[in-house]
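For reference, the structure discussed in these notes is given below.
The values are calculated or read from the model by the stated rules, or taken from the named source; none is laboratory data. Quantities reported herein were computed from a predicted structural model and do not represent experimental measurements. All Cβ positions, glycine included, derive from the backbone under ideal geometry; neighbour counts span all protein chains shown.
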Amino acid sequence: MAPPTAPRDPAADPRTDPTAVRAQPSLTTSSGAIWLIVGALFTLVALAVLIPMSTLPGGVVALVAAITVGALYLGMLVAGVATAPGRRRLGILATGMLLIAGVSLVAAVIVAFGAGR
């Protein structure tokens, strides 16, 4: 027998609960400048790793990844200007930064394994 279900607590709704992580003003009303700053740092570090890796065997992967990282950051800059402030802009900028990190990591691992053979 299933336990009885308790009535839904309206305070548990993240849209109305001010203590919910998703409802924090810093995550919903930020201008997105911090994402652009951290994205620029990620991009600089990624390019500092990927560009020298392009001289290794399999370096074409690193070169393509470096171009992709640059394009992703350019996309973040465009999104920061072209989208209205709010959740959507912050989500796009966060996704761009995560993609920069992911593309860089995958490319570095592929080139490193290729150079180690």
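In this structure, does Gly114 turn out to be in a helix (DSSP H, G or I), touching a Pro at 6+ places or on another chain (Cβ under 8 Å) and either within 16 Å of Met53 (Cα to Cα) or free of Cβ contacts under 8 Å to residues at least 60 places away in the same chain (or both)? Yes: the conditions hold for Gly114.
Considering region 11-62, and only residues there that are among the hydroxyl-bearing types (Ser, Thr, Tyr) and assigned to a helix (DSSP H, G or I), the residue that is modelled with the highest pLDDT turns out to be Thr43.
When region 84-103 is examined, which residues are found to be closer than 15 Å to Ala33 by Cβ and part of a helix (DSSP H, G or I)? The answer is Arg89, Leu90, Ile92, Leu93, Ala94, Gly96, Met97. Evaluating Val81 against the criteria (1) assigned to a helix (DSSP H, G or I); (2) closer than 14 Å to Gly32 by Cα; (3) in contact (Cβ under 8 Å) with a residue 24 or more places away in the chain leaves one unmet condition, (3).
Please work out which residue is surrounded by the fewest Cβ atoms within 10 Å (Cβ to Cβ), limiting yourself to region 34-59 and to residues that are more than 12 Å from the chain's Cα centre (by Cα) and polar (S, T, N, Q). This residue is Thr55.
Within region 84-100, the set of residues being in contact (Cβ under 8 Å) with a residue 24 or more places away in the chain and crowded, with 16+ Cβ neighbours inside 10 Å comprises Arg89, Leu90, Leu93, Ala94, Gly96, Met97, Leu99, Ile100.
Residue under question is Val69, and the condition is that it be at pLDDT 95 or above, out of contact with any helix residue (DSSP H, G or I) (no Cβ under 7 Å at 6 or more places or on another chain) and assigned to a helix (DSSP H, G or I); does it hold? Taking the combined requirement at face value, the residue does not satisfy it.
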